[in-house]
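One structure below.
The values are calculated or read from the model by the stated rules, or taken from the named source; none is laboratory data. Quick caveat: nothing in here was measured; it's all calculated off a predicted structure. Methodologically, a virtual Cβ is constructed for each residue, glycine included, from the backbone with ideal geometry; neighbour enumeration extends over all protein chains shown. Heads up: the accessible areas ignore ligands, DNA and RNA and are worked out on the full protein's heavy atoms, side chains in. Shrake-Rupley method; radii C 1.70, N 1.55, O 1.52, S 1.80 Å.
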Amino acid sequence: DSGVTQTPKHLITATGQRVTLRCSPRSGDLSVYWYQQSLDQGLQFLIQYYNGEERAKGNILERFSAQQFPDLHSELNLSSLELGDSALYFCASSVDGRYSPLHFGNGTRLTVT
Amino acid sequence: GQQLNQSPQSMFIQEGEDVSMNCTSSSIFNTWLWYKQDPGEGPVLLIALYKAGELTSNGRLTAQFGITRKDSFLNISASIPSDVGIYFCAGQRTQGGSEKLVFGKGTKLTVNP
């Protein structure tokens with residue numbers, strides 16, 4: 001158990017809808033990262049937060065947004081969903097958001113129908 | 001963007017055999033990380049390497065940080081069925097004042113009993 005908690009585990013929704021994925025980092029970790037993993041694809045970095053502030057942005061679509069709250073949990077919002085958004089979405093956390101390794105949650109599997 | 005070339009893409013081996021996989025890049029990295037992902041779960045950190053030339057073991061796993069800082073390898077000795085999964089390398093470097101983490105596309109390992 002990595003200590004990173006993601007909910008829900010599975011999500012099935014229709015095109016055009018909006019969903020929110022939730023992540024609680026490991027105790028003591030200040031930084032949260034979001035990654036997307038499509039079928040047979042590697043991990044695509046979406047966005048990183050450190051102590052409530054956005055620190056780095058990757059290949060995140062404009063339809064997607066995220067935030068990190070004062071209690072350090074994070075939410076990833078996906079809107080106007082398309083079939084191609086179906087994927088595993090992972091949250092990871094690290095202590096300092098710079099040099100310490102990332103620890104991943106077990107992901108949310110999103111299926112858009 | 002930066003690329004990590006991870007090879008092989010997949011491996012099919014017999015139980016008891018040794019396994020070797022590697023990652024190379026044209027860029028220099030400060031840290032190399034190796035993760036394993038089991039089906040339906042998030043990547044789990046196996047080994048972290050912080051210094052060029054560093055050789056680190058974790059049970060039957062051994063990883064090295066290449067002396068040029070542009071590559072790393074992971075060896076698994078005496079493979080067992082539970083070694084099945086996807087192994088990812090990740091390189092971390094400082095770019096534009098922030099730390100960037102780049103993942104390889106993974107090596108899918110199948111172990112035949």
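Computed values, structure above
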{"quantity": "Evaluation of A:T111 against (1) farther than 27 Å from B:I86 by Cα; (2) in contact with a Ser or Thr (Cβ under 9 Å, 6 or more places away or on another chain); (3) open to solvent by 30 Å² or more (accessible area, probe 1.4 Å) (one fails), failing number", "calculated": "(1)"}
{"quantity": "Looking only at region B:16-62, and only at residues there that are polar (S, T, N, Q) and facing chain A (nearest Cβ under 10 Å), the one that is nearest to A:Y35 (Cα to Cα)", "calculated": "B:Q37"}
{"quantity": "Matching strands (runs of 3 or more DSSP E) fully within region A:29-93 where at least 1 residues are among the aromatic types (F, W, Y) and under 13 Å from the mean Cα position of the chain (by Cα)", "calculated": "A:31-37, A:43-50, A:64-68"}
{"quantity": "Members of region A:8-28 that are in a strand (DSSP E or B) and either more than 15 Å from the chain's Cα centre (by Cα) or surrounded by 13 or more Cβ atoms within 10 Å (Cβ to Cβ) (or both)", "calculated": "A:L11, A:I12, A:T13, A:V19, A:T20, A:L21, A:R22, A:C23, A:S24"}
{"quantity": "Filter result (in a loop (DSSP other than H, G, I, E, B), of a type outside the set (K, R) and buried (at least 19 other Cβ atoms within 10 Å of the Cβ)) within region B:72-108", "calculated": "B:S79, B:G104, B:G106"}
{"quantity": "Test for A:S2: is it assigned to a loop (DSSP other than H, G, I, E, B), within 14 Å of chain B (Cβ to nearest Cβ) and open to solvent by 10 Å² or more (accessible area, probe 1.4 Å)", "calculated": "yes"}
{"quantity": "Pairs where the first residue, in region A:42-59, is free of Cβ contacts under 8 Å to residues at least 12 places away in the same chain and facing chain B (nearest Cβ under 9 Å) and the second is small (G, A, S) and open to solvent by 10 Å² or more (accessible area, probe 1.4 Å), C-beta under 8 Å, 6+ apart", "calculated": "A:A56/B:S98"}
